[in-house]
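The structure under discussion appears below in the form of structure tokens.
The values are calculated or read from the model by the stated rules, or taken from the named source; none is laboratory data. Nothing here was measured: the structure is a model prediction, and the numbers come from that model. Note that each Cβ is placed from the backbone with ideal geometry, even for glycine, and that neighbours are counted across all protein chains shown. Heads up: the accessible areas ignore ligands, DNA and RNA and are worked out on the full protein's heavy atoms, side chains in. Shrake-Rupley method; radii C 1.70, N 1.55, O 1.52, S 1.80 Å.
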Amino acid sequence: MEAFHYRNGELYGEGVRLQELADEYGTPLFVYSHAHFTERLGSLRTAMAEVDPLICFSVKVNTNAAVIKLLGQRGAGADVVSGGELFRARRVGIPGERIVFAGVGKTAAEIDYGIQEGILFFTVESEDELKLISERARRLHTSVRVAVRVNPDVDPATHRFISTGKKENKFGLDVARAAEVCGRTREMEGVQLVGLHMHIGSQILSVEPYVAALQRIIPLCRRFREEHPAFEYLDIGGGLGISYRDEEKELDPEAFAAALVPFLQPLGLKIVMEPGRYIAGNAGVLLTRVLYIKKNAVKKFIVVDASMTELIRPALYEAYHEILPVRQTRERAPADVVGPVCESTDFLALEREMPVVASGDLLAVRSVGAYGWVMSSNYNSRPRAAEVMVSGGRHALIRRRETREDLVRGETIPEWL
Ligand SMILES: Cc1ncc(COP(=O)(O)O)c(C=O)c1O
């Protein structure tokens, strides 16, 4: 079942009327479907059953404790890229041995924290980082598991701002350098090479870039498996694309498995995956209320109470998010959907055939479960939105709306002022 669907002309999240949620919790409001998260985790696991991967949910896409917890309860681990994300994952009970830690700029304090929490491995993204991990491990009288991130230089055919596996991107090490760094771990104290890692980009809609990347990485896996006794993991990252509009076909997990498993299975390695958007993207909508309808000589604007501070993806990547009326209507007219923020990039839709709505009506912006709330800000001193989870006919607040007091919490005025 589609988590968000019309019933008698009204939009529902599972068994709950979205109108009811807007009335109870106010707008703008993020609404997530519990069933969507669990179904997506399940479908990926089923598709990839032959290699039985450890699925580490990429926490960066949706950090809400309820979301991480529900996935963790169903056996998912966590892919984290900061001490803050590690804290969130551990706080809801994800065990260290199901946590992998990536990112090009880990600090000594974050490395120490990861070591203390006994994470599965650090993904090493540079030689300097490897040296620092070795130093911190020795200081703590321990040995740390590392997987070297390979940048395979493949084009994931996605937006250039979310490509991560091309040679001009900052992530990972090229194949030759990765091989060198892997070799160096043998002489280094405090580190153990346990695997290789790749993550080539996000919103990838075909299997070819994955296959091309694997073809470059697999020879290294074979070699290091021979040379390093502890080598046992291949982490293939995340990136599986979803459908943001009807005509966009998501990357089907069965097709993904059919293309990748023949490469992965013969390796005999433990496979780790780090999906984010695939699991969470279509689990959420952003409910927003129409404030005003404004027309000028050339355009109509639907001014709503959500903005780039709740959903920055349109401003950042010109991303397309479908916008549905909560009460179904047939009439359509071209309009821009804009928010109250004082920036011309503050739009949710541009020159789009929109349902004809009036002040007070509700709209639902789709596909905001990943890279939605987590990228929100307080710009223009806008308190951050609340988050709600629905499950069947139930609903619960999973993050309260910020208040004006929250905006100034942490600020201090020097006594000499
Ligand atoms: C290392 C790593 N793994 C996984 C992901 C998740 O990507 P996606 O949401 O496209 O699955 C990201 C996203 O940036 C990432 O940097």
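Please list 3J(HN,Hα) in residue order for region 225-233, calculated via the Karplus relation 6.51 cos²θ - 1.76 cosθ + 1.60 where θ = phi - 60°; whole Hz, with x for glycine and proline.
4, 5, 8, 10, x, 8, 6, 9, 10
Calculate, in nm to one decimal, what residue 23 and residue 43 gain on full extension: separation in residues at 0.36 nm each, minus their alpha carbon distance.
Computed gain between residue 23 and residue 43 is 3.8 nm.
Can you pull out the trypsin sites (Lys or Arg not before Pro) in region 284-391 whose DSSP state is coil and whose Cβ has at most 15 other Cβ atoms within 10 Å?
Filter output for region 284-391: 299, 330.
Over 26 Å between Cα atoms, which of 69/106; 60/166; 60/299; 60/249 qualify?
60/299
Ignoring everything except DSSP H segments at least 4 long, calculate the 222 nm mean residue ellipticity for the chain; use -39,500 (n - 2.57) per segment, divide by total residues, nearest 500.
-8500 deg cm²/dmol
Which loop GluC sites (Glu not before Pro) in region 1-85, with loop taken from DSSP, have no more than 16 other Cβ atoms within 10 angstrom of their Cβ? The partial results should precede the final answer.
Working: sites: 2, 10, 14, 20, 24, 39, 50, 85; in loops: 2, 14.
Of the GluC sites (Glu not before Pro), the ones in loops of region 1-85 whose Cβ has at most 16 other Cβ atoms within 10 Å are 2.
Treating only the Cβ atoms of Lys and Arg (+1) and Asp and Glu (-1) as charged, compute the dipole magnitude of the chain about its Cα centre; round to the nearest 20 debye.
The calculation lands at about 360 debye.
Please list, in chain and number order, the residues 5+ apart from residue 10 or on another chain whose amide H is under 5 Å from its amide H, with Hs placed from the backbone.
Here the answer is 328, since their amide H atoms fall under 5 Å of that of residue 10.
Restricting everything to alpha-carbon atoms, can you work out Rg to Rh for the chain with a Kirkwood hydrodynamic radius?
1.00
If DNA, RNA and ligands are ignored and the probe is 1.4 Å, what is the ranking of 134, 391 by accessible area, most exposed first?
Heavy-atom accessible area, descending, gives 391, 134.
Can you figure out the FRET efficiency of residue 294 with residue 322, using R₀ = 25 Å and their beta-carbon distance, to the nearest 0.05?
That pair, residue 294 with residue 322, gives E of 0.65.
Cα to Cα, under 19 Å, and not fewer than 8 places away if on the same chain: which aspartates and glutamates meet these conditions relative to residue 131?
Filter leaves 110, 112, 174, 180, 187, 189.
Counting residues in region 103-273 as N, plug N into 2.2 N^0.38 Å and put the Cα Rg over that result.
1.06
Among 368, 144, 298, which one shows the biggest mean-square fluctuation in a GNM of the chain, springs joining Cα atoms closer than 10 Å?
298
Which far-off residues, 5 or more places away or on another chain, put their amide H under 5 Å from the one on residue 78, with H placed in the peptide plane?
For residue 78, the qualifying residues are 57, 99, 100.
Taking the Cα centre of region 188-249 as origin, sum charge times position over the Cβ atoms of Lys and Arg (+1) and Asp and Glu (-1), and report the length of that vector in debye to the nearest 20.
The dipole of region 188-249 has a size of about 140 debye.
Check each of the GluC sites (Glu not before Pro) in region 204-313 and keep only those in coil by DSSP with at most 11 other C-beta atoms within 10 angstrom; list them in order.
The qualifying sites are 247.
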